[in-house]
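Participant: One structure, as structure tokens, below. Some questions next.
The values are calculated or read from the model by the stated rules, or taken from the named source; none is laboratory data. Remember, it's a predicted structure, so these values are computed and weren't measured experimentally. Neighbour counts run over all protein chains shown; Cβ positions are idealised from the backbone, glycine included.
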Amino acid sequence: MESGSIVRWNVEEGQEFAPGDSLCEVETDKATVDFEAQDEGIVGRIIAEAGPGDIQCGEPIMIIIEDAADLDSFKDYTVEPTSNVAASTPKEEPVVPIPEPVTPVPSPPPSSSTSTTTAKTNAGGKVIASPLAHMLSKELGFDISTIPGTGPDGRIIAADVKEFTPSIIAPQTKLPTAATVTTPIAPPIPGAGYTDYSISATARQVAARLAASKSNVPHYYLTVDLELDALLALRRRLNLAVKAGDDDEIAGITLNDLLVKAAACAMKAVPSANASWMDSVVRVYDNVDINIAVGTGDSLFTPLVSNVGAKGVKSISDDIGSFVNAADSEEGIPADACGMGTFTIMNLGMYGIKSCAPIITEPQACALALGAAENRIIPNDGDDSEEIYKEAVMLTATLSCDHRVVDGAVGAQWLSAFKNHVQNPETLLL
């Protein structure tokens, strides 16, 4: 994140709080998460107001004091804007004015006693990390105890979390569920022949990440046509084999579930595509953890199906089905289910889209887009048929590759392996 917004404050000025108390709710690019206190204290003054406005990372949002007697010292305190607000953001000069730019809170007069939210935690085996580092680790699904710290006395800071990449990326089941909460958005503003619609903080964050990926990653695209007749026949047999209960209702294994499994099997054949660019090294992952694009617009989610290669088709179908149902609910998909995987798949076939060139999600090296399944007339390769052409169900798949990690030959090998698994689905059992 480079900026965010405060949905609401859970404390008031003059209120005492203890470690673990939720000070406020902060909207990230994925969900709204609690900003928890790491030590005890008293709210001396709330600087940043709740609402849809952006707050840049590094800007102070509140003043914390230790003694209630110092509360009046900050009653009329204001933070003067300086150019130092970008200290914790990228070094380039901002080109867009930031509302109320401020600098970190200066020390108050000697008579006042203050403490910051980055104070060390109490003894007792608790990990020593900044509040921002705790928040980022929860958002990204990392176990903060496994992240090496580079701050004073080994303290874990936000930069450590941002640069950390585990050897096997998997969702943290211990994390509390955080439902997506939408920040109030300003109403449309009509103009002369047009209407301006406000963009939510979530949509702005997603747009910024996609723009950065498109700018930083050297994309190239490979496309292949897949014949689905054998895969659809397998789907029918599987659905008949796993009936729900004693009635005639069949389990809902979908074509998409089988294609996700085929993608994981293709990674087994070409493991160098299941990797990330790490500047000085290319990291190849052992497990295939796939993000599945679900939803539309501001409600777009990319929930994670972990270790897909080791799961059966029914288990994959159950996972994806639960994500789809959650996306359709008011609560949305929990934030801890939207971790970062090693590969992304999006299926636009339901909209009749034939092909799509997806943007890669950093630090992943590949993304696969699936088009609509449709009947086409194709050459008949069967040796025992007198017909030159035949009708078959076909689908177009497009693979976006990071050329720093996956060159053209490797990308072609992966698509060839994927096509072989789709058109010879019995290989999914190997």
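Participant: Being crowded, with 22+ Cβ neighbours inside 10 Å and farther than 18 Å from residue 220 by Cα narrows it down to one residue among 353, 333, 345; which is it?
Facilitator: 333
Participant: Filter the strands (runs of 3 or more DSSP E) completely within region 324-430 down to those with at least 1 residues that are closer than 30 Å to residue 136 by Cβ.
Facilitator: Result: 343-347, 366-370, 389-402.
Participant: Which condition number in (1) crowded, with 19+ Cβ neighbours inside 10 Å; (2) in contact with a His (Cβ under 8 Å, 6 or more places away or on another chain); (3) not polar (S, T, N, Q) is the one that residue 55 fails?
Facilitator: Residue 55 satisfies all of (1) crowded, with 19+ Cβ neighbours inside 10 Å; (2) in contact with a His (Cβ under 8 Å, 6 or more places away or on another chain); (3) not polar (S, T, N, Q) except (2).
Participant: Then there is this: Taking the stated definitions as given, is residue 359 in contact (Cβ under 8 Å) with a residue 60 or more places away in the chain and either in contact with an Asp or Glu (Cβ under 7 Å, 6 or more places away or on another chain) or surrounded by 22 or more Cβ atoms within 10 Å (Cβ to Cβ) (or both)?
Facilitator: Taking the combined requirement at face value, the residue does not satisfy it.
Participant: What about residue 320, is it farther than 26 Å from residue 406 by Cα and within 21 Å of the chain's Cα centre (by Cα)?
Facilitator: Considered against the rule, which asks whether it is farther than 26 Å from residue 406 by Cα and within 21 Å of the chain's Cα centre (by Cα), residue 320 comes out as yes.
Participant: Still on this structure: Inside region 169-215, can you point out the residues that are modelled with pLDDT of 90 or more and under 18 Å from the mean Cα position of the chain (by Cα)?
Facilitator: Scanning region 169-215 gives 211, 212, 213, 214.
Participant: Can you list the strands (runs of 3 or more DSSP E) found entirely within region 1-105 that contain at least 1 residues being farther than 26 Å from residue 209 by Cα and either at pLDDT 80 or above or touching a Lys or Arg at 6+ places or on another chain (Cβ under 8 Å) (or both)?
Facilitator: Strands (runs of 3 or more DSSP E) meeting the threshold: 3-9, 22-27, 41-46, 62-65.
Participant: Go through 372, 417, 412, 337 for me and flag whichever is farther than 28 Å from residue 324 by Cβ and of a type in the set (A, V, I, L, M).
Facilitator: 412
Participant: Further question on the same structure: Are any residues in region 304-328 at pLDDT 90 or above, touching a Ser or Thr at 6+ places or on another chain (Cβ under 9 Å) and over 17 Å from residue 254 (Cα atoms), and if so, which ones?
Facilitator: Residues satisfying the conditions do not exist here.
Participant: Please go through region 185-232 and give me each residue that is in a helix (DSSP H, G or I) and without any contact (Cβ under 8 Å) to a residue 60 or more places away in the chain, ordered by number.
Facilitator: Passing the criteria: 207, 211, 215.
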